[in-house]
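Colleague: Before I ask anything, here is the structure I am working with.
The values are calculated or read from the model by the stated rules, or taken from the named source; none is laboratory data. Keep in mind the model is a prediction, meaning the values are calculated, not measured. Cβ sites come from the backbone with ideal geometry, for glycine too, and all protein chains shown count toward neighbours.
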Amino acid sequence: MKKIGLVFAFLFTISFQINAQWFWQNPLPMSESLYDVTFIDENNGWAIGYLGTILKTTDGGQNWSISDYVTNVILESIDFIDTNNGWIVGREGTILKTSNAGITWNIDTLGANYFLTEIQFTDINIGWISAKDIINHKGLIFKTTDSGNNWLVKYDEPYNYTNSLFFINSNIGWAVGKDWNSGLVSLILKTTNGGNSWTQYFTGTYDDLFSVYFITADLGWAVGGYGKIFVSVDGGQTWALQHSDGSIDLHSVYFIDSNSGWSVGWNGKILHTTDGGTNWFNQNSNTLHNLWSISFLDRNNGWIVGSLEILKTTDGGTNWFSQIKGNKKSLKAVSMITNNIGFAVGDSGTILKTSNGGNLWETQLSNTNYSLNDVSFINTDIGIVAGENGVILKTTDAGANWLSQSSGTTSSLTSAYFTDADHGVVVGRNLNNYKGIILRTTNGGTSWNTQLSDINENLNSVFFIDQNNGITVGTNPIYKGVVLRTSDGGLTWIPQNMGVTNELLDVTFTNMNHGIIVGVNGTILITTNGGATWTIQLTSITDRLIEVTFTDSANGIVVGYNTILKTEDGGITWIPQEVITSNLLYSVSFTDVNNGWIVGARGTILHTTNGGVTFIEDEENNFTQPNDFLLQQNYPNPFNPSTSIQYALSSAQFVTLKVYDLLGREVATLVNEEKLAGTYKVEFRMQNLPTGQAGLELSSGIYFYKLQAGDFVETKKMILLK
């Protein structure tokens, strides 16, 4: 056993909200992995998970609201002691605390190398955290006696990783995980003195344990790898195996009394017992998604969260129903015709329509199960959809009916573009043999003629500047970018020598001359002469860029793998925007510079009404027009790779302007000299830092910049997104 008493003092306690101005429209409340759930009564509950997601319900889960983002790290565990006071822990040592039911959250950190796995409070003051030090390979347990203002290390052991803990009162508690010191055996720790000392016990097996729950000081269960469930009747000193199925890991266990309990795990697994675990039987979750956490209020009412799932039961688990509302199938394309009317298409023949700006998306009958890859509308009534196996669908009544058209091919059709109601082009690919295809119609799709077939390029996107001039992009068998250009409406196509080594995925034009192509590994190409020549934009972006759209010659958006980029200068520079999902983003459509929609995997539909700009609500530093000195909010914010900071001095002063990370470590000194009265602007870049941690490659997250000019001191926050 080990007893440790180190005190962690927090350098920053922040009270602010990151207002990400892309918000969810489908599914609702969102389509992300959730890792923990807790309810304080039959109405009030919270769920937390990926990318800093915090959900709250006040009606038992019928409706969930998404809290403003405080952090973008993965959140692992949540505990509320009453309706107002709660705590959340997660990756990078993150601790969140609320005293107003989650309306606002204060953020603290124990250090970026800590993976905090579970938090539990037994009263308003006393709480514990289980953790892993991923840098120094240690398991830890922290304790607070002042509501989380300070934390003491109560357990610190190399290679003894703690995944979960449970306290039945302020003195008696258990922690479980994996003991790598003793030959990869299961780790079970127990304390009887509030964590001042811990005794290790063994199950006799070699499996990771992920969750522990005790109903009395003697009777408890632990679950873990390979579907194993252990029971102890002597307070954790000895453990007996109750269940094992050899394949499905179990990640959470919960009992409401000595007989009735549940455990959940991978692939939608729900196990239930009514005899204290002597027998465990399956309950139907109606999902194959991984389930991470379960919580019950009483014998009947319980909730489960997992990957893309919130499940609820009102009959003890006999029936579980999803509280995620809306389409969950991946969406590959979106086309908004007006601010109110738009369409999205995707997997398994999915066609969705909105008539109110996306507040409601209704499913339309496509009469196909093939995935649909693109949608193009000429006006509010006439539209074309292209998809797998040569599928082409057309509507002339705003989507009320979709009729199949004969394409004459079984290739995957990836992109469609119409210049008017009669003239259109569809391109495609065959992933098995890299044979591309271009189809053309002059009668609105009644018939389609093959322009090029069996060419050695897969074609991903097509765009026409006018009825004659068009561009299609793709890749060849060795994954080099391909561009074909036509000046006769698609009758002939001429390859362009691009010298691009990356696959090209989308192309668009803002006028006859100005066009943009995007592709894998952050590829961005720009033309200013109608596509005759293209210039590669050198950026630090390495993500897969899937689609690009512009509302005018200056303002554009690119989406892709975990990426939203915005330009306001025609594509010369690109600013990352806050991404509120881990899902792949496939398509974007804007009706003007402010109103836009993005669709993606797992049914994702995001909407913005301000161009996707993120702002920070700062309760500590919310001032306007100071009389003497001024420190402005940096712009752009979030930023990558650089941002500008402006400040004003009303008199000559010695000025320092420094940047700090979340732990209070100095990152850079931007100004350190005497300055005359006036207004100044300084640039901060995430690379080639002038002082502090010079040359350090900064990670995504929150940073602080502090201005000191005489007696004037001001600190503000900024966000680096990579």
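Colleague: State which residue is farthest from the chain's Cα centre (by Cα) when the search covers only the range 416-448 and only residues that are among the β-branched types (Val, Ile, Thr) and part of a strand (DSSP E or B). So that I can check it myself, show each step before the final result.
Modeller: First pass over the range 416-448, keeping only residues among the β-branched types (Val, Ile, Thr): 419, 425-427, 437-438, 441-442, 446.
Then drop every residue that is not part of a strand (DSSP E or B), which leaves 425-427, 437-438, 441.
Details: VAL425: 35, VAL426: 32, VAL427: 31, ILE437: 35, ILE438: 36, THR441: 40 Å.
Only one residue tops the list, namely THR441.
Colleague: May I pose another question? Checking the condition under 20 Å from the mean Cα position of the chain (by Cα), surrounded by fewer than 19 Cβ atoms within 10 Å (Cβ to Cβ) and modelled with pLDDT under 95, which residue from THR528, THR535, THR501, THR542 passes?
Modeller: Details: THR528 fails: under 20 Å from the mean Cα position of the chain (by Cα); THR535 fails: under 20 Å from the mean Cα position of the chain (by Cα); THR501 fails: under 20 Å from the mean Cα position of the chain (by Cα).
Checking each option against the conditions leaves just THR542.
Colleague: Just give me the residues in the range 320-377 being within 20 Å of the chain's Cα centre (by Cα) and in a loop (DSSP other than H, G, I, E, B), in sequence order.
Modeller: Hits for the range 320-377 are GLN323, ILE324, GLY326, ASN327, LYS328, LYS329, SER330.
Colleague: Considering only residues that are small (Gly, Ala, Ser) and either outside the structural domain of GLY349 (by TED's automatic domain parsing) or more than 29 Å from ILE337 (Cα to Cα) (or both), which ones fall in the range 409-435? Write out each step before concluding.
Modeller: Of the residues in the range 409-435, the ones small (Gly, Ala, Ser) are 411-412, 415-416, 421, 424, 428.
None - no residue of the range 409-435 is small (Gly, Ala, Ser) and either outside the structural domain of GLY349 (by TED's automatic domain parsing) or more than 29 Å from ILE337 (Cα to Cα) (or both), so the list stays empty.
Yes or no, residue by residue, for (1) at pLDDT 95 or above; (2) under 25 Å from SER260 (Cβ atoms):
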| site | (1), (2) |
| --- | --- |
| ALA175 | yes, yes |
| ASP179 | no, no |
| LYS190 | yes, yes |
| ASN193 | yes, no |
| VAL212 | yes, yes |
| VAL233 | yes, yes |
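Colleague: So which of GLY346, GLY358, GLY317 is in contact with a Ser or Thr (Cβ under 8 Å, 6 or more places away or on another chain) and crowded, with 20+ Cβ neighbours inside 10 Å?
Modeller: Result: GLY346 is the single residue among GLY346, GLY358, GLY317 that is in contact with a Ser or Thr (Cβ under 8 Å, 6 or more places away or on another chain) and crowded, with 20+ Cβ neighbours inside 10 Å.
Colleague: For ASP374, are the conditions met, namely being surrounded by fewer than 19 Cβ atoms within 10 Å (Cβ to Cβ) and either in contact with a Leu (Cβ under 6 Å, 6 or more places away or on another chain) or acidic (Asp, Glu) (or both)? Please lay out each step first, then the result.
Modeller: Numbers: surrounded by fewer than 19 Cβ atoms within 10 Å (Cβ to Cβ): no; either in contact with a Leu (Cβ under 6 Å, 6 or more places away or on another chain) or acidic (Asp, Glu) (or both): yes.
Against the criterion (surrounded by fewer than 19 Cβ atoms within 10 Å (Cβ to Cβ) and either in contact with a Leu (Cβ under 6 Å, 6 or more places away or on another chain) or acidic (Asp, Glu) (or both)), ASP374 does not qualify.
Colleague: A further question on this structure: Of all the residues that make up the range 89-132, how many are part of a strand (DSSP E or B), modelled with pLDDT of 90 or more, within 28 Å of THR192 (Cα to Cα) and not aromatic (Phe, Trp, Tyr)?
Modeller: The number of residues fulfilling the criteria is 16.
Colleague: In the range 350-373, is there at least one residue being charged (D, E, K, R), closer than 19 Å to PHE418 by Cα, modelled with pLDDT of 95 or more and in the same structural domain as ASN443 (by TED's automatic domain parsing)? If you could, list the steps in order and put the result at the bottom.
Modeller: From the range 350-373, those charged (D, E, K, R) are 353, 362; that's our starting set.
Narrowing the set further to residues that are closer than 19 Å to PHE418 by Cα leaves none.
The answer is no; no qualifying residue exists.
Colleague: Further question: Taking the residues in the range 666-722 that are charged (D, E, K, R) and not in a strand (DSSP E or B) as candidates, determine which candidate is modelled with the highest pLDDT. Quick ask: steps written out before the conclusion?
Modeller: Just the residues of the range 666-722 that are charged (D, E, K, R), to begin with: 666, 673-675, 681, 683, 685, 697, 706, 711, 714, 716-717, 722.
Then drop every residue that is not not in a strand (DSSP E or B), which leaves 697, 711, 722.
Details: GLU697: 63, ASP711: 84, LYS722: 66.
Among residues in the range 666-722 that are charged (D, E, K, R) and not in a strand (DSSP E or B), the one modelled with the highest pLDDT is ASP711.
Colleague: Does VAL593 meet the test of being buried (at least 20 other Cβ atoms within 10 Å of the Cβ) and modelled with pLDDT of 90 or more?
Modeller: Details: buried (at least 20 other Cβ atoms within 10 Å of the Cβ): no; modelled with pLDDT of 90 or more: yes.
Spelling it out, it is not the case that VAL593 is buried (at least 20 other Cβ atoms within 10 Å of the Cβ) and modelled with pLDDT of 90 or more.
Colleague: Restricting the range 69-88 to residues that are in a strand (DSSP E or B) and in contact (Cβ under 8 Å) with a residue 60 or more places away in the chain, which is surrounded by the fewest Cβ atoms within 10 Å (Cβ to Cβ)? Even if it seems obvious, please write down each step before you answer.
Modeller: So the first thing to find is which residues in the range 69-88 are in a strand (DSSP E or B), and the list is 69, 75-80, 86-88.
Cutting the leftovers down to in contact (Cβ under 8 Å) with a residue 60 or more places away in the chain gives us 69, 87.
Numbers: TYR69: 18, TRP87: 23.
Among them, the one singled out is TYR69.
Colleague: To continue, here is another question. For the range 231-313, give me every one of the strands (runs of 3 or more DSSP E) that falls completely inside it and has 1 or more residues that are in contact (Cβ under 8 Å) with a residue 24 or more places away in the chain, closer than 21 Å to SER164 by Cα and in contact with a Lys or Arg (Cβ under 9 Å, 6 or more places away or on another chain). If you could, list the steps in order and put the result at the bottom.
Modeller: Values: elements: 240-243, 250-255, 261-265, 270-273, 281-283, 291-296, 302-306, 309-313.
Filter on the range 231-313 gives 240-243, 250-255, 261-265, 291-296, 302-306.
Colleague: Right, something else. Does VAL518 satisfy being touching an Asp or Glu at 6+ places or on another chain (Cβ under 6 Å), within 17 Å of ASP569 (Cα to Cα) and buried (at least 16 other Cβ atoms within 10 Å of the Cβ)?
Modeller: It is true that VAL518 is touching an Asp or Glu at 6+ places or on another chain (Cβ under 6 Å), within 17 Å of ASP569 (Cα to Cα) and buried (at least 16 other Cβ atoms within 10 Å of the Cβ).
Colleague: Still on this model: With (1) more than 30 Å from LEU241 (Cα to Cα); (2) within 30 Å of the chain's Cα centre (by Cα) as the list, and GLY177 as the residue in question, which single condition is left unmet?
Modeller: The single condition GLY177 does not satisfy is (1).
Colleague: What residue, among those in the range 549-583 that are in contact (Cβ under 8 Å) with a residue 24 or more places away in the chain, of a type in the set (A, V, I, L, M, F, W, C) and outside any strand (DSSP E or B), is nearest to GLU32 (Cα to Cα)? Let's see the steps before the verdict.
Modeller: If we filter the range 549-583 for residues that are in contact (Cβ under 8 Å) with a residue 24 or more places away in the chain, which is where we start, we get 549-553, 555-561, 564-566, 570-572, 574-583.
Adding the requirement that they be of a type in the set (A, V, I, L, M, F, W, C) leaves 550, 557-559, 564-565, 572, 574-575, 579-580.
If we keep only those that are outside any strand (DSSP E or B) as well, we get 572, 574, 579-580.
Numbers: ILE572: 33, TRP574: 26, VAL579: 12, ILE580: 9 Å.
The extreme case among them is ILE580.
Colleague: Another one. Scan the range 262-314 for residues that are exposed (fewer than 15 other Cβ atoms within 10 Å of the Cβ) and of a type in the set (Asp, Glu) and report the count.
Modeller: Qualifying residue count, the range 262-314: 2.
Colleague: Next up: Kindly indicate the residue of the range 476-488 that is surrounded by fewer than 20 Cβ atoms within 10 Å (Cβ to Cβ) and modelled with pLDDT of 90 or more and also farthest from PHE550 (Cα to Cα) among those meeting that condition. Even if it seems obvious, please write down each step before you answer.
Modeller: In the first step, residues of the range 476-488 are kept if they are surrounded by fewer than 20 Cβ atoms within 10 Å (Cβ to Cβ); the result is 476-480, 485, 487-488.
Right, trim to modelled with pLDDT of 90 or more and you get 485, 487-488.
Working: ARG485: 20, SER487: 22, ASP488: 25 Å.
Checking each candidate, the answer is ASP488.
Colleague: Considering every residue within the range 142-157, establish whether at least one is at pLDDT below 95, buried (at least 24 other Cβ atoms within 10 Å of the Cβ) and assigned to a strand (DSSP E or B).
Modeller: No, the range 142-157 contains no residue that is at pLDDT below 95, buried (at least 24 other Cβ atoms within 10 Å of the Cβ) and assigned to a strand (DSSP E or B).
Colleague: What about ILE256, is it within 19 Å of GLY177 (Cα to Cα), in contact with a Gly (Cβ under 9 Å, 6 or more places away or on another chain) and not acidic (Asp, Glu)? Can you show your working first?
Modeller: Values: within 19 Å of GLY177 (Cα to Cα): no; in contact with a Gly (Cβ under 9 Å, 6 or more places away or on another chain): yes; not acidic (Asp, Glu): yes.
When the stated conditions are applied, ILE256 does not pass them.
Colleague: Now a separate question. For the range 413-440, which positions are among the polar types (S, T, N, Q) and surrounded by 21 or more Cβ atoms within 10 Å (Cβ to Cβ)? Spell out how you get there, then give the answer.
Modeller: Going through the range 413-440, the residues among the polar types (S, T, N, Q) turn out to be 414-415, 419, 430, 432-433.
Hits for the range 413-440 are THR414, SER415.
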